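So the structure is just underneath, and the comments pick up after that.
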Amino acid sequence: MIDSINEDALRQSRVSAVGEGVAHLVCGIASRHADDVDAEARFPVEAVDALRRVGALSAGVPVELGGAGCGLAELGDLCERLARCCGSSAMVLAMHYSQLACLVRHRRDNPCIEAFLRELVDEQRLLASMTSEVGTYGETRASLCALEARDDGTVRLRKEATTGSYNAQADAILVTCRHTPDSPSNDQRLVLVRRDQATLTQTGGWDTLGMRGTCSPPYRLDAVMPAEQVLPDPFDEIASRTMVPYSHVLWSALWSGIAADAVARASRLVREQARAQPSRLPAGATMLAEVSARLQGVQHAWRTVAAHYDRAAADPSAEFGMDWALRFNHLKVDVSTGAHEVVHGALQVLGVSGYRNDSPSSVGRHYRDILSASLMISNTRILAQSAAILTVLKG
């Protein structure tokens, strides 16, 4: 009982320390460099270095392995806070946390994976993913590439990815592939590939409308690593229990953060107008009230799902079936749509000052970043999945 109390106190202390570090150091640094990161489509190196300095990259590692032991809701708070300053930085953090959760929740006492997690805590390693592939047309639950076993106990993997978010800047990449060359396309595994175990060849560019700092061009990967770096659980289980829940919730959190900063800018303008003419309600005040209400709904949506997931995930026997898949699908579509509506509404309140890129009230970056929300796993694809689930789900 005493050990449990001490461990919980240690966890709370580490969670608080990371939260304060992100709020007081990381956000200020990310905010100063956000516009340059966007303009140059460059990796937010300053923000990521600051995340390392406050130990934020290991926030999701369990306390017993040296991390803060943050749950999904707590990680979402960090992503939302950072997104108010820089959407690209928050997207990098969210994708890192999603991959980290896959290692933590599916390591199954694998000493190789646990050693890497301890190293991640000590060195603040950055994780990226490579789940897309040329020829699968955006379907992450199917792979063409396959693991090739070698006589020396290593495995080889070659993959042609359509996107590889910050793969060149990451310390390790989690890559999906077929279990063996003879496996069907949906018999997948997830492999931890250290950056020094892989040759990455960039095969295209990255010049996008928004989320420019995620640096996600296509890559060709050729890697050789120990077989122990293949996670033991099938990828289908990893995706349904961890990767999809974490991705959708953390993305929703950062989208709500982008929207919240747009609303904050609109609020400042309305307050200035109210002070200038105290006897008159500013023209945009009513729309601001409407936008603020929509933002509150967006924030409530992701926080509620995250809290429910944290409670369920605490039970090792919990099943994440079709009802959960539907819940995460609905969350992603609802928040990606709602956050865009909020930013658009904030722009209407701000008017030309929000439309101008050279204005302190500009929400141009916010608008372009939030447009990616409906495209990161297309809402059309997700709605089709939900439609299929609804045809068989009872209740």
Requested in this report: State the percent of C-alpha pairs, over all pairs in the chain, separated by a distance greater than 31 angstrom.
Outcome: 37 percent
Query raised in the report: Which of A293, S359, I238 sits farthest toward the positive end of the charge dipole of region 235-390, with +1 on the Cβ of Lys and Arg and -1 on the Cβ of Asp and Glu?
Result: S359
Query - Footprinting exposure proxy for D171, D261 (fewest neighbouring C-beta atoms within 10 Å first) - result: D171, D261
Query raised in the report: Counting Lys and Arg as +1 and Asp and Glu as -1, what is the net charge of the other residues whose Cβ lies under 15 Å from the Cβ of M322?
Result: 0
Query raised in the report: Given the options D334, D49, D315, which has the most mean-square fluctuation in a GNM of the chain, springs set between C-alpha atoms less than 10 angstrom apart?
Result: D315
Requested in this report: With a cut-off of 19 Å, note down the residues of region 272-296 whose backbone N falls inside the zone around a label point 7 Å from the Cα of Y355 toward its beta carbon.
Outcome: 283-285, 287-288
Query - Sites D109 and Q273, calculated FRET efficiency, Cβ-Cβ separation with R0 56 Å, nearest 0.05 - result: 0.40
Query raised in the report: Can you give the extra length, in nm with one decimal, that the chain gains between D182 and T337 once fully stretched, where that is 0.36 nm per residue apart less the Cα-Cα distance?
Result: 51.7 nm
Query raised in the report: Taking the chain as a Gaussian network, Cα atoms linked when under 10 Å apart, which of G297, G354, G321 shows the biggest mean-square fluctuation?
Result: G321
Query raised in the report: Which listed residue (L82, V63, V45) has the Cα farthest towards the positive end of the charge dipole for region 33-156, taking +1 on Lys and Arg C-beta and -1 on Asp and Glu C-beta about the Cα centre?
Result: V63
Query raised in the report: Taking every DSSP beta bridge that has both residues in the chain, what percent is antiparallel when rounded to the nearest 5?
Result: 80 percent
Requested in this report: Report, in debye and to the nearest 20, how large the dipole of the chain comes out about its Cα centre when Lys and Arg carry +1 and Asp and Glu carry -1 on their Cβ.
Outcome: 1180 debye
Query raised in the report: How high is the relative contact order of the chain, in percent, with contacts defined as C-alpha pairs under 8 Å that are six or more residues apart?
Result: 16 percent
Report summary line: Under the rule rounded for a/c under 1.5, else prolate if a/b exceeds b/c, else oblate, using alpha carbon gyration tensor axes a ≥ b ≥ c, region 162-251 is classed as oblate
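Laboratory data are not the source of any read-out in this text; all were calculated from the coordinates shown. None of the values given here were measured: they were computed from a predicted structure. Ideal geometry is used to build each Cβ from the backbone, glycine not excepted, and the neighbour counts take in all protein chains shown.
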